[in-house]
1. Cross-link partners among lysines for B:LYS178, C-alpha distance below 16 Å, same-chain residues fewer than 8 apart left out?
2. Once the Cα atoms of helix B:182-214 and of chain B are each reduced to a long axis, what angle between those two axes, in degrees from 0 to 90 to the nearest 10, is obtained?
3. Return the subset of A:LYS306/B:LYS106; A:LYS120/B:LYS106; A:LYS306/A:LYS326 for which the Cα-Cα distance in this structure is over 27 Å, preserving the input order.
4. Please determine, in degrees from 0 to 90 and to the nearest 10, the orientation of helix B:218-236 with respect to the longest principal axis defined by the Cα atoms of chain B, where the helix direction is its Cα long axis.
5. Please get the size of the charge dipole for the stretch A:84-168, origin at its Cα centre, with Cβ charges of +1 on Lys and Arg and -1 on Asp and Glu, quoted in debye to the nearest 20.
6. In whole percent, what relative contact order does chain B give with Cα contacts below 8 Å and a gap of six or more residues?
7. Relative contact order of the stretch A:54-156, please, whole-number percent, based on alpha carbon pairs below 8 angstrom and at least 6 residues apart.
8. For a footprinting-style exposure proxy, rank B:MET223, B:MET217, B:MET212 by other Cβ within 10 Å, fewest first.
Amino acid sequence: MTTLIVAVLLVVGGAVVGIALDRVRLRRWLRRLSPLGRSGPDAPRSARGFIEAAQRRGDLAEAGLVSAETAARRLEASLDGLQSGLVVCDRSGSVVAQNAAAKQFLMARHGEALVGREIKELLERARAGERVTTTVQLHTEPRRSYEVEAGPIERDSETLGAVALVYDITEHHRIDSVRRDFVANVSHELKTPIGALSLLADSLATDATPEVAARLSARMQIEIRRVADTIDDLLTLAMLEDESGRSDEQVDIGAVVAAAADRISQPAEQRDIKVIVSGDQDVSPIRGARRQLESAVFNLLDNAVKFSEPGGRVDVVVETHDRDLKVSVADDGIGIPSSEQSRIFERFYRVDRARSRNTGGTGLGLSIVRHVALNHGGDVNVTSREGYGSQFTITLPIDSAV
Amino acid sequence: MSEQTRKSFHAEIDEISDLIVQLAARAGDAVARATEALLRYDLMEAQQIIDDDDAIDVAALEVEERCQSLLALQQPMAGDLRQILAAMWITAELERTGGLACNICKGARRMFPAELPPKLRGLISEMSEEAIRLIRLSVDSYSERDAGLASALDDIDDRLDSLHRVFVRNLLEVSRSKDLDVQPAMQLALIARYYERIGDHAVNVSDRVRYMVSGVMPWRDKMTRHPTREESVVQDLPPGPAEMSPNGEDKAD
């Protein structure tokens, strides 16, 4: 309904602009109506009155046109201000109005041209009286999803044309898939070890020799560790969400990085991976929560070591850029597909679920890193190329007061 | 041509241009989807892309038929004639690009369930991005009638060619280390070749744009240059299966 009202307004607006644009012709007509050349002092009184009245009417008409023009301009600006695209066509199918957002699609040269095509197709069907909706997904970068909706414009059961609206639903889609995957992933992470525990306990209960029992209980310990780690990480995340704005101490990031590097040194050695710390030696301290920051850097190092091939190398660099402090962790490991890079900070999100059983981890590490960075007024980002490695950078404002 | 006829002729040409831009958008989208299906081992999506290619073929046919009827009814000359001829040729190139996206999907099916080594995955992503960039640039040169950009495309395509060579080198290394069986390795070599061909089709589009704008026929120069180019390419390639032809039902590229 709103759509129709907007559409009709548009048509009316278009008409007003049409008249307004024809001002020159109107003025000429008014001049012809008021024969000023003939209005001398000896012109009959009635004729002068007529001329004055005509002039007054002319002035009024002109004032009316100016206000109509302003209204049309205001209407056009408002429609251009809309994020959704709007296209109106008349009964012959010619486009009579389109706002700025719609122009982007109708004049597009690349992926968006597909949305333009869909708009035209749907307008055709809407002119025939159909009310139609479709979704267009663009797979080339930047990947986006649009919904195109079209319906006829009718008055007194007569079709005057059609109107189409285009909404960007990329964000809706993203949130939908985050929600859907979260439920699937969380049940996978929690149920898998519990399922394994149940099976192991069953086997233990039925005639297990002492050797088999020892093996089974060792496996049970591993699964219990998994559940415990997941719960620990979940609690850490809950705490991080709760704690924003509490801890406030002077933190030396150099020391934080050194401590995290120290913690990772043993697992790194076991996998024959070198961890090299470099960069500014004495960066200014920031205000924040030391434990949180150390766990964030450790999580990045842990990932870098886990996803590197033996013999690989992990570089940790601490740098100051203007008023920002940057801690980057770069590896030469397997890398992350570009289509997954925007999702890896989600809770329990796994790029490769099959692999995650071997590498361990809870699927919460990067969520924790992001939360810590956000709690300190900063952020974390990733650049990666599959087969060549990844680089994670935590950016923290030096003046951050938590 | 009378004023009225000319007007409808140019309106028709504009519509054909729009259709070509849409066709290129579909072809580029198909390449992006095919890469995603390949890297995600998504056979359902691969099948969908192959099915959707019919729509690209139909759209290409529509452009061709409209061009034919314009030629027959209006008998254009000079620049107008070149525009229509270019539109027909460009359409064929874009239709082939869609076909190559299908070939990538078929390759993905043939090599299933072999896992792709990370380095090759990274290179496939890069080749795909580069191929899509070339399609976009060629469409830009067409829409803007930019002969300068069009003539640069051949050199811009060198990056995709060199990515292809790096891919083949890496593929040989991986195959030697026995991390990949012969069948998937063969399919990957073909898939890399499809991306490289998509780039070539984009360059062909730009050649037709140059013809449309200025009347030059760059492909004639290339034909005379061909033997020397071929030699240098063979020298650059690592030893191994440098030339392989598509097998089975794949359409010729």
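All of the numbers you see were taken from the coordinates with simple rules; none came from a lab. All values derive from a computational prediction rather than experimental measurement. Don't worry about glycine lacking a Cβ; one is built from the backbone with ideal geometry, like all the others, and counts go over all protein chains shown.
1. B:LYS119
2. Once rounded, one gets 20 degrees.
3. Those over the limit are A:LYS306/B:LYS106; A:LYS120/B:LYS106.
4. 10 degrees
5. Details: 11 positive and 13 negative charges, 49 e Å.
Its charge dipole is roughly 240 debye.
6. 24 percent
7. 16 percent
8. Values: B:MET223 10, B:MET217 13, B:MET212 23.
Ordered by Cβ neighbours within 10 Å, fewest first: B:MET223, B:MET217, B:MET212.
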